[in-house]
Amino acid sequence: MSEQLKFIVEQFNKDPFRKNFNLITFDSLEPMQLLQTLNDVLAEIDPKQALDIREEMPEQTVKRMCALLGMLKYKPPGNQSDVSSFRQGLVIGSKPVIHPILHWLLQRVSELKKRAYLARFLVKLEVPAEFLQDDVINDTYHQYEELVEGFKTYHKECEQLRTSGFSTAEIRRDISAMEEEKNQLIKRVERLKKRVETVSNHPRMLEQARQLRVEKEREEALAHQKQEQKNQLFQAEQRLQRSQQQLNDMRQAAADANPESLMKRLEEEIKINSYMVSEKLPKELEGMRQTVQYLQKVASEPAMGQADLQELEDKIKEVDSQINQLIEKKMMRNDPMDDKLTLYRQQASIIIHKKEGKAQQLQEAREGLSVAERELKHRIDQRGADGEGVNHEDAMKRLVAKVRSKATVYKKKRQEMAELKAEYGVLQRTEDILKKRHETVQERLQTVEAEKGISGYSNTQEELERVSAIKSELDEKKGRTLDDMSEMVMKLNSMIAEKKTALAPIIKELRSLRQQCQELSPEYDEKKGQYESCAAGLESNRSKLEQEVKALREETAQEENRYHHINCMSEIIEMQIQRAAEEMKAYVSSDPQERKKAIREVYMKNISEQELLGKKLREKQKTVRESHGANMEQMKMWRDLEQLMECKKQCFVRAQSQASIGQVIQEGGEDRLVL
């Protein structure tokens, strides 16, 4: 506690407080003075808190301080966790409550200043839901949220610029260098103008040079735009060919379909959809809900400072270390040498992962199919709108062929999934049976080993067998890897050859399309030039109209402000005229009661009362002045009488003290002592 007080006093004696405290003076502060000191610290963090607490109600002071401390994320110590006791301590200015607050605030003043500044703009206003039903309020609230997000972005950019290392000196040097270059360029331009002025017809030549430069820039822009449109045309042709190929494959697959295959396909789809709905999608939905809840929780929390982030990182490290310790303990308890069912568990997990992977692939394939269908529909509509016909027969053939290939692949995958499901059920049943058998055999084996005196022999033998099995599996995997690599190389070579043969007709079509593109390019350039000239004229007209509209809007706003100002002034003047009329009516009224209500009568009455009071006070002052001398004389006489009585009292006390020795007899003005 003493260290805390020392730190508080040291901080108060520094800038910007300069309180000149020591431990004794600070500890002897009254509760009101201590609260004012706390308010001064809060005012240094947030200037809006700068006020005298004597001019404010205690409840309002506590409410204001608690709101600011909550915004600054202050957490009371353990014994102050009760909100009511904490508030009561603030009200009475309790030292055990205020000293920890001052210590916490003075430790991080700069950080809290930044947090208070950000809170002014980032703490959102709470608008009731029924008010947001109004369109105007809803639009305004959305604009407010957009402004808050914009402030976040600008603040981040500002902080990045502050920490980027740019100094004002370097920027000033760059600005001065650019100004020098600008001056040099201006001088060069002036020299060139002087040289050109001697040439005949130089304005026309300058205009021609300017037009030449503008046309060159326009030529470069047109060439760049032409290249971009060529790339877009090539990509659109590629997408169109792929869509036509997909359509033909689907048509071919649909031509060979029959009711039985359709029923089987529907049954398979129902099974797959039921698996997706009952197992896969609920898991994904639950994961998304948890993510949304976490994001909402993060969004609802106020802005965090560096100290809060450091605290969270420390907690994360601590939790990670605890998790690692728990994992190590679990691994020590579950030794693989004692687990006889690891192989079956691995097989079951592999089957589950395969099933989930196939479901994911199916979902991705469906999404791709839906995207392709939408794109095909869009292409067909676009081609129909352009007046071009589609070769339906060829497209249908390609679609049927593709659908057939997809159907065969789908049947294989479905058969694999059915086999995996059946194998999974068999493995589960086998696992249960083997567990029971293993328990029985293990009990017998342990009994026999105990009888023969070789306990633990079977575990050692099983471990050796397991190691040899793992080695054989690794050797087999190495061989399979080499075979897979050679097979993959062969597949890639065959795929390259197929792609080459498939691209041959496309290249032929591309040549004809390129020739057609070259023929259409001059016409396109001409039309584009006409369009750009027309667009430039319209753009200039639009900019002029926008400027006029802007000027008219500003003028309208000024006139509206002037109108509202004049209207308010007229209302004020009308109220003043009305009050004056009422005053005149009351003043000229014959009714005495009504005249008494007039402001003139009230003021005259107050003036007469004050004059009467002043007259009485002057008379009293005159009386006091006249009797001052006599009173002072009387006061002096009373003081002398008081001294005389005090003297007699002392003589009497002295006589009483002498009576204990003898007796004093007074006769004839003489005192005699008789012993």
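Points to keep in mind about this one:
- For region 405-415, the set of residues classified as over 18 Å from Ser274 (Cβ atoms) and in contact with a helix residue (DSSP H, G or I) (Cβ under 8 Å, 6 or more places away or on another chain) consists of Ser405, Lys406, Ala407, listed by residue number.
- From the options Lys499, Lys491, residue that is farther than 30 Å from Glu228 by Cβ, open to solvent by 60 Å² or more (accessible area, probe 1.4 Å) and at pLDDT 70 or above: Lys491
- Tally of residues being open to solvent by 80 Å² or more (accessible area, probe 1.4 Å) and modelled with pLDDT of 75 or more across region 393-408: 1
- Filter result (open to solvent by 60 Å² or more (accessible area, probe 1.4 Å) and either of a type outside the set (S, T, N, Q) or touching a residue at least 60 places away in the same chain (Cβ under 8 Å) (or both)) within region 3-30: Glu3, Lys6, Glu10, Lys14, Asp15, Pro16, Arg18, Lys19, Leu23, Ile24, Asp27, Glu30
- Against the criterion of being modelled with pLDDT under 70, part of a helix (DSSP H, G or I), over 39 Å from the mean Cα position of the chain (by Cα) and among the β-branched types (Val, Ile, Thr), Ile351 does not qualify.
- Residues in region 151-208 that are open to solvent by 80 Å² or more (accessible area, probe 1.4 Å) and under 30 Å from Val123 (Cα atoms): Tyr154, Lys156, Glu157, Gln160, Leu161, Arg162, Thr163.
- Some residue of region 438-452 being assigned to a helix (DSSP H, G or I), at pLDDT 75 or above and under 27 Å from His353 (Cβ atoms): yes
- Of all residues in region 94-121, those that are among the charged types (D, E, K, R) have Cβ atoms under 7 Å from Cβ atoms of residues that are surrounded by fewer than 16 Cβ atoms within 10 Å (Cβ to Cβ), 6 or more apart or on another chain, in Arg108/Ala307; Glu111/Gln306; Glu111/Ala307.
- Leading residue by the ranking (modelled with the lowest pLDDT) among those in region 240-284 that are surrounded by 17 or more Cβ atoms within 10 Å (Cβ to Cβ) and of a type in the set (S, T, N, Q): Gln252
- Residue within region 85-94 that is within 22 Å of the chain's Cα centre (by Cα), open to solvent by 80 Å² or more (accessible area, probe 1.4 Å) and of a type in the set (A, V, I, L, M) present: no
- Test: residue in region 658-668 that is of a type in the set (A, V, I, L, M), modelled with pLDDT under 85, open to solvent by 100 Å² or more (accessible area, probe 1.4 Å) and touching a Gly at 6+ places or on another chain (Cβ under 9 Å): no
The values are calculated or read from the model by the stated rules, or taken from the named source; none is laboratory data. On a predicted model such as this, the values are computed, not experimentally measured, just so you know. Here the Cβ is made from the backbone with ideal geometry for all residues, glycine too, and neighbour counts use every protein chain on show. The protein model used for the area step is the full one, side chains on, heavy atoms only, and it has no ligands, DNA or RNA in it. Shrake-Rupley method; radii C 1.70, N 1.55, O 1.52, S 1.80 Å.
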